[in-house]
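Asker: Below is a structure I'd like to ask you about.
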Amino acid sequence: MAADDQVRAASTLFYKALTEMAQGTAGSMVDVWFHGDAVTAMHPIGGRQVGWEAVRDSFDQVAALSTRGTVELVDQVVHVSGDLAYEVGVERGSLELAGETVQIDQRVTNVYRREAGTWKVVHHHSDLSESFVALLARLQGRH
């Protein structure tokens with residue numbers, strides 16, 4: 001299988017894991033991410049997480065609030081150079097967080113690294129979502 005097809009397959013697994021997170025369980029993220037200090041994420045809710053533990057915790061926190069949702073990547077473009085690859089596209093879908101639905105429609109960049117023949121996510125960066133940020137602010141105000 002060509003490297004760009006391998007990255008597309010890794011991306012499919014990543015978006016399956018994101019959908020599972022949107023439905024309340026982030027366990028599959030363990031399988032699709034590289035587990036090093038150099039991994040990073042910049043989510044639609046803002047902030048920046050550095051290192052696998054911080055990235056994993058951010059997905060776990062969203063999963064704890066999510067009851068149903070889907071996330072998919074459309075308009076995907078993949079480029080591979082050696083053991084690094086990136087994809088750009090648009091994430092679309094919705095999440096129900098604490099009973100409120102938030103639509104997903106933002107640009108995204110994901111970076112993958114090949115380790116022992118397997119492609120893993122090392123960076124995820126999406127546009128900031130004002131609706132996500134507003135919902136989280138309302139939820140934090142309730143406590």
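What follows draws every value from the coordinates through simple rules; no lab data is involved. The model shown is predicted, which means the values in this text are computed figures rather than measured ones. Because the Cβ atoms are built from the backbone with ideal geometry, glycine has one as well, and the counts that use them run over all protein chains shown.
Asker: At a Förster radius of 25 Å, what calculated FRET efficiency corresponds to the Cβ-Cβ distance of residue 118 and residue 54, to the nearest 0.05?
Answerer: Working from the Cβ atoms, E equals 0.65.
Asker: How far apart, in nanometres, would the label points at residue 106 and residue 140 be if each is projected 7 angstrom from Cα along the Cα-to-Cβ direction?
Answerer: 1.5
Asker: Only one of the listed values, (i) 10.4; (ii) 7.9; (iii) 11.6, was derived from the coordinates as mean projected area of the Cα convex hull in nm²; which label is it?
Answerer: It is the value labelled (ii).
Asker: So what's the net charge close to residue 119: Lys and Arg +1, Asp and Glu -1, counting the other residues with Cβ under 10 Å from its Cβ?
Answerer: Local net charge: +2.
Asker: So what's the gap between the Cα centers of segment 30-52 and segment 71-143, to the nearest angstrom?
Answerer: Comparing the Cα centres of segment 30-52 and segment 71-143, I get a distance of 11 Å.
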